[in-house]
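Visitor: Sharing a structure with you now.
The values are calculated or read from the model by the stated rules, or taken from the named source; none is laboratory data. As the structure is a prediction and not an experimental result, all values here were calculated from the model. Quick reminder, even Gly has a Cβ in these numbers, built from the backbone with ideal geometry, and neighbours come from all protein chains shown.
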Amino acid sequence: MKSIHPLQLITVLKNLETNFDSFTPNDTFFVALSKKNLISNSIELKNSTGFVIPSSDYEIDTKLGRIRASKSGSLGSDEHTLSFQYYPIFFNPYIQQSIWNDPLKLPYVTERSDTDIFDGLSIEFNNDWFITSDDENTYWWTTEDNVEWKRNDGENTYFFIVSATDLDTNFDGKVDLRAIRVPNKYAVVFSDNDDFGRSYISLNNLSPGNKTNFKVMNLTDNIEVPFFLFDYPLGETGKINSGDYIYFYDKDSLGIDRYTWNITFTKRQSQEANTEFTFGNGDTLFIDFSKPFRNSDTYSFNGPKPDVNIPLVSKEMDQIKVVPNPYIVGHRFESPLPPGITSGRGSRKVEFQNLPSNAKVHIYTARGQHIRSLQHDGGLFSGTIIWDLKTKENLDVAFGVYYYIVESELGGKTSGKLAVIK
């Protein structure tokens with residue numbers, strides 16, 4: 001039996017792809033990597049020649065995602081490449097609609113979202129916080145001739161009730177045996193053999209008792225479940241009769257039997273008072289419950305692949321813009337001068353933004369003279385291309401007004417103008 005408790009529910013998400021980070025070591029000072037929560041046994045470090053660096057030559061902080069040389073000089077100053085897997089979500093304690101989503105139930109945290117956002121994605125859970133009977137998957141499966149099988153044959157099976165009832169076994173008005181709800185799937189499997197299974201002696205005496213013609217199986221974990229059969233005095237010993245009870249004892253993580261569920265069997269209203277049924281080989285009572293998340297539950301999925309919505313390309317061409325526009329000499333948009341440089345200026349540039357994939361930008365003077373064409377190869381994840389304000393002859397452009405035309409291989413065309421001001 002695995003404990004189910006909302007405070008213990010955390011999310012760990014593993015990225016199954018191998019990631020690569022290239023960096024230049026800074027001796028014994030930490031260098032930040034692009035990801036955090038790295039998986040230790042997936043890490044491999046190579047230098048620029050492809051030589052695999054022994055793990056003793058470096059220290060890596062897998063939680064914060066940073067790396068350094070274990071001692072001065074153990075890593076060279078050339079470019080290194082780290083391959084690894086990581087957890088985009090690591091021990092995330094949040095899940096919406098939990099029973100603790102109430103600020104009055106301090107010190108429990110209130111819910112904000114199902115998981116952190118990773119790679120532009122977020123997972124939404126729909127957890128069964130309370131364990132309830134799954135009526136659709138709880139049913140009799142019986143046969144009269146081992147040829148034709150029936151589901152919930154109302155004429156030839158008992159009515160039954162599944163519950164988790166606290167018990168007063170000493171009849172002193174106090175609860176002595178508390179039921180623990182566990183979300184397992186069970187099967188009460190019958191046999192023609194009268195010693196197929198064995199009941200405990202009583203609710204409090206868990207020694208072997210009467211033999212039975214059935215066993216209780218935990219189908220979730222594929223193990224046999226100990227039980228106590230309370231035989232109604234007027235019925236046949238070791239077999240299910242109207243008025244009988246079966247008490248389940250699932251084992252906890254320490255292997256100790258814990259009382260969990262009980263089943264009550266009665267005649268149906270449509271059945272005669274003296275009706276009795278005999279269940280044999282293959283007859284089975286299936287019992288199932290809602291399934292809250294359990295320890296080690298795993299869900300694997302592939303994220304949706306990004307693609308281009310071709311019909312939208314031509315419609316969204318008017319969203320292309322030039323930044324800054326107008327361009328003014330020494331615009332603060334530009335990068336500052338490098339350290340130690342006190343004269344001159346940094347690189348000049350303007351950006352064409354919101355470009356579609358594989359777009360081309362053609363730039364012309366006010367007289368229609370072509371001065372430069374730019375190719376956008378940024379793929380789906382970058383809609384920006386930089387113009388360094390130089391002509392195709394690598395000369396600085398003059399001040400004035402320029403016109404541009406943007407064409408997409410996927411369809412769509414737009415134009416605009418920009419100004420370069422002294």
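Visitor: Check off (1) under 26 Å from Gly282 (Cβ atoms); (2) assigned to a loop (DSSP other than H, G, I, E, B) for Trp129 and give me the number that stays unchecked.
Guide: So the condition that Trp129 fails would be (1).
Visitor: Is it true that Thr28 is touching a helix residue (DSSP H, G or I) at 6+ places or on another chain (Cβ under 9 Å) and either touching a residue at least 24 places away in the same chain (Cβ under 8 Å) or surrounded by 17 or more Cβ atoms within 10 Å (Cβ to Cβ) (or both)?
Guide: no
Visitor: So for region 181-191 (the condition being touching a Gly at 6+ places or on another chain (Cβ under 8 Å), within 29 Å of Gln271 (Cβ to Cβ) and touching a residue at least 12 places away in the same chain (Cβ under 8 Å)), does at least one residue qualify?
Guide: There is at least one residue in region 181-191 that is touching a Gly at 6+ places or on another chain (Cβ under 8 Å), within 29 Å of Gln271 (Cβ to Cβ) and touching a residue at least 12 places away in the same chain (Cβ under 8 Å).
Visitor: Which residue pairs have Cβ atoms under 7 Å apart, sit 6 or more places apart or on different chains, and have a first residue in region 52-81 that is farther than 18 Å from Ser40 by Cα and a second that is aliphatic (A, V, I, L, M) and part of a strand (DSSP E or B)?
Guide: Close Cβ pairs (under 7 Å, with a partner that is aliphatic (A, V, I, L, M) and part of a strand (DSSP E or B)) amount to Leu75/Ala69.
Visitor: Pairs under 9 Å by beta carbon, first residue in a loop (DSSP other than H, G, I, E, B) in region 263-276, partner of a type in the set (Gly, Ala, Ser) and surrounded by 13 or more Cβ atoms within 10 Å (Cβ to Cβ), six or more apart or different chains?
Guide: Every condition considered, the pairs that remain are Lys267/Ser242; Lys267/Gly243; Gln271/Ser242; Thr275/Ser242; Glu276/Gly235; Glu276/Ser242.
Visitor: Output the residues belonging to region 357-381 that are touching a His at 6+ places or on another chain (Cβ under 8 Å) and part of a loop (DSSP other than H, G, I, E, B).
Guide: Ser357, Asn358 - these are the residues of region 357-381 that are touching a His at 6+ places or on another chain (Cβ under 8 Å) and part of a loop (DSSP other than H, G, I, E, B).
Visitor: Tell me which of these Val182 doesn't satisfy, since it passes every other one: (1) within 21 Å of Lys239 (Cβ to Cβ); (2) buried (at least 16 other Cβ atoms within 10 Å of the Cβ).
Guide: Of everything listed in (1) within 21 Å of Lys239 (Cβ to Cβ); (2) buried (at least 16 other Cβ atoms within 10 Å of the Cβ), Val182 misses just condition (1).
Visitor: Now for a separate question. Within region 361-398, restricting attention to residues that are surrounded by 12 or more Cβ atoms within 10 Å (Cβ to Cβ) and of a type in the set (Phe, Trp, Tyr), which residue is farthest from Gln319 (Cα to Cα)?
Guide: It comes out as Tyr364.
Visitor: Evaluate region 259-281: report whether one residue or more is in the same structural domain as Lys185 (by TED's automatic domain parsing), under 19 Å from Ile131 (Cα atoms), buried (at least 16 other Cβ atoms within 10 Å of the Cβ) and out of contact with any Ser or Thr (no Cβ under 9 Å at 6 or more places or on another chain).
Guide: Yes: region 259-281 contains one or more residues that are in the same structural domain as Lys185 (by TED's automatic domain parsing), under 19 Å from Ile131 (Cα atoms), buried (at least 16 other Cβ atoms within 10 Å of the Cβ) and out of contact with any Ser or Thr (no Cβ under 9 Å at 6 or more places or on another chain).
Visitor: Given (1) surrounded by fewer than 16 Cβ atoms within 10 Å (Cβ to Cβ); (2) closer than 29 Å to Thr260 by Cβ; (3) modelled with pLDDT under 90, identify the lone condition not met by Asp166.
Guide: Asp166 satisfies all of (1) surrounded by fewer than 16 Cβ atoms within 10 Å (Cβ to Cβ); (2) closer than 29 Å to Thr260 by Cβ; (3) modelled with pLDDT under 90 except (3).
Visitor: Considering only region 134-150, how many residues are over 14 Å from Phe286 (Cα atoms) and in a helix (DSSP H, G or I)?
Guide: Result for region 134-150: 0.
Visitor: Next question, about the same structure. Do we have Glu144 as modelled with pLDDT under 90 and out of contact with any Asp or Glu (no Cβ under 7 Å at 6 or more places or on another chain) here?
Guide: So Glu144 passes the test.
Visitor: Another question about this same structure. Say we look at region 282-293 and pick out the residues that are assigned to a loop (DSSP other than H, G, I, E, B) and either among the hydrophobic types (A, V, I, L, M, F, W, C) or surrounded by 16 or more Cβ atoms within 10 Å (Cβ to Cβ) (or both); which of these is modelled with the lowest pLDDT?
Guide: Restricting to residues being assigned to a loop (DSSP other than H, G, I, E, B) and either among the hydrophobic types (A, V, I, L, M, F, W, C) or surrounded by 16 or more Cβ atoms within 10 Å (Cβ to Cβ) (or both), the top hit is Phe293.
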